[in-house]
Amino acid sequence: MADSIEKRVNALFPGDQFLCAETVVKMLAEAGGRDSKDIVPMATGFCSGMSRTCGPCGAVTGAVMGFGLYAGRQEPGADLDPVYAMVQEFRDVFSEKFKSINCFDLIGCDFSTQEGQDRYKRLGLRSTCVELVLFAVITSLSILREHGYLEPSEDLMASRLGPCGLMCGKCVAYAGGPVHELSGALKEQLGDNFGEYAKRFEVVDPVFAQYQPFSELLEYFASGPCSGCRESGCLFKACAVPACARKHGVSYCYECEKFPCEEHGMPERLAQIWRTNNERIRENGVEEYFNSIKDKPRYP
């Protein structure tokens, strides 16, 4: 697990792709299946010692933001203690390891000056930042799981990744997936009576005449009727893969001694995808495969 986290940190952190706080909060969000697109920008100002002010280390502030993402208050007056307890625990562990949580103390560079920026590059101190980020991610994930805010990564991946290698979590029917959540938000914004308005808008643009069939499809998307093929069974009823995987006691088809077989029940086009996906999982491992596809569209 630590090796895969290190690999992911090194993939995100080279150059100026993502900086310290951004990398930490992105990885913590992804660990719980959260979309990090709107979360990472909130962390940008905390990078480089709080925007080059010699403030707190971005690895620390990124972790604090990550704890808030899972345990922060959703309602006025809600309990503060869960997130406070995790932040304090993290601070103690980080301080014991590195003797400070302050960027300048840890790196010895004042990023507000050209001299400090040059020193950082000249001495190759990015490797120190990578160490800090890696420690922050591993420690934060451990604390979040210990306090019950994250399930084990293997369970999370399995809940979203079918034994065929397709990403159930991005299916149009998956409850809690992006299609479900975005459709629900659109339905809420349109309101219950938009159909009546659509009829009036037809004189402005004939496209509104298509609102009724669109609303039926939106209703389906917003309902999130499926919890993943490992629980509900694939929407493609001919697919025999989930039941077959359970029968043979495997999580992914490549683990079965009969793979590749002819028991999948899929047409050849999908069968080829199934074979290719499982070969990639076998070659790269589940976590690397999962990370390589989780941010891509489900229907390219």
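At-a-glance table
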{"item": "Ranking of VAL24, VAL93, VAL204, VAL40 by count of other Cβ atoms within 10 Å, fewest first", "result": "VAL204, VAL93, VAL40, VAL24"}
{"item": "Nonlocal amide H pairs with GLY265, under 5 Å, H built at 1.01 Å", "result": "ALA240"}
{"item": "Per-residue HN-Hα couplings for the stretch 102-115 [Karplus 6.51, -1.76, 1.60; θ = phi - 60°; Hz; x = Gly/Pro]", "result": "9, 4, 5, 5, 7, 9, x, 10, 8, 5, 6, 10, 5, 4"}
{"item": "Which labelled figure in [x] 188; [y] 132; [z] 116 is volume of the Cα convex hull per residue in Å³, once derived from the coordinates", "result": "[x]"}
{"item": "Length-normalised contact order of the stretch 2-150 in % [C-alpha pairs under 8 Å, at least 6 apart]", "result": "28 percent"}
{"item": "Cα-based helix-to-principal-axis angle, 268-284 vs the chain, degrees rounded to 10", "result": "20 degrees"}
{"item": "Order of LEU156, LEU186 under a 10 Å beta carbon neighbour criterion, fewest first", "result": "LEU186, LEU156"}
{"item": "Length-normalised contact order for the chain - Cα pairs under 8 Å, 6+ apart - percent", "result": "15 percent"}
{"item": "Overall form of the stretch 55-102 per C-alpha gyration tensor (a/c, 1.5; a/b vs b/c)", "result": "prolate"}
{"item": "The stretch 178-223: relative contact order in percent, alpha carbon pairs under 8 Å with at least 6 residues between", "result": "61 percent"}
{"item": "Cut-off 20 Å (backbone N to label point 7 Å along Cα→Cβ of ARG122), residues of the stretch 46-69", "result": "54"}
{"item": "222 nm mean residue ellipticity, helices alone, for the chain (DSSP H n ≥ 4; -39,500 (n - 2.57); rounded to 500)", "result": "-17500 deg cm²/dmol"}
{"item": "Distance violations [Cα-Cα > 29 Å] among LYS121/LYS296; LYS7/LYS37; LYS7/LYS237", "result": "LYS121/LYS296; LYS7/LYS237"}
{"item": "Anchor LYS99: lysines whose Cα lies under 18 Å away (excluding residues fewer than 8 positions away in-chain)", "result": "none"}
{"item": "Gain on full stretching of the segment that runs from THR113 to GLU268 - 0.36 nm per residue minus C-alpha separation", "result": "49.7 nm"}
{"item": "Derived scalar couplings ³J(HN,Hα) [the stretch 244-254; Karplus, 6.51 cos²θ - 1.76 cosθ + 1.60; whole Hz; x for Gly, Pro]", "result": "5, 4, 5, 4, 8, x, 10, 8, 9, 4, 4"}
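A short reminder: the numbers here are calculations on the coordinates, not readings from a lab. This one's a predicted model, so the numbers in the text were calculated from it and none came from an experiment. Positions of Cβ are backbone-derived with ideal geometry, glycine not excepted, and every protein chain shown enters the neighbour counts.
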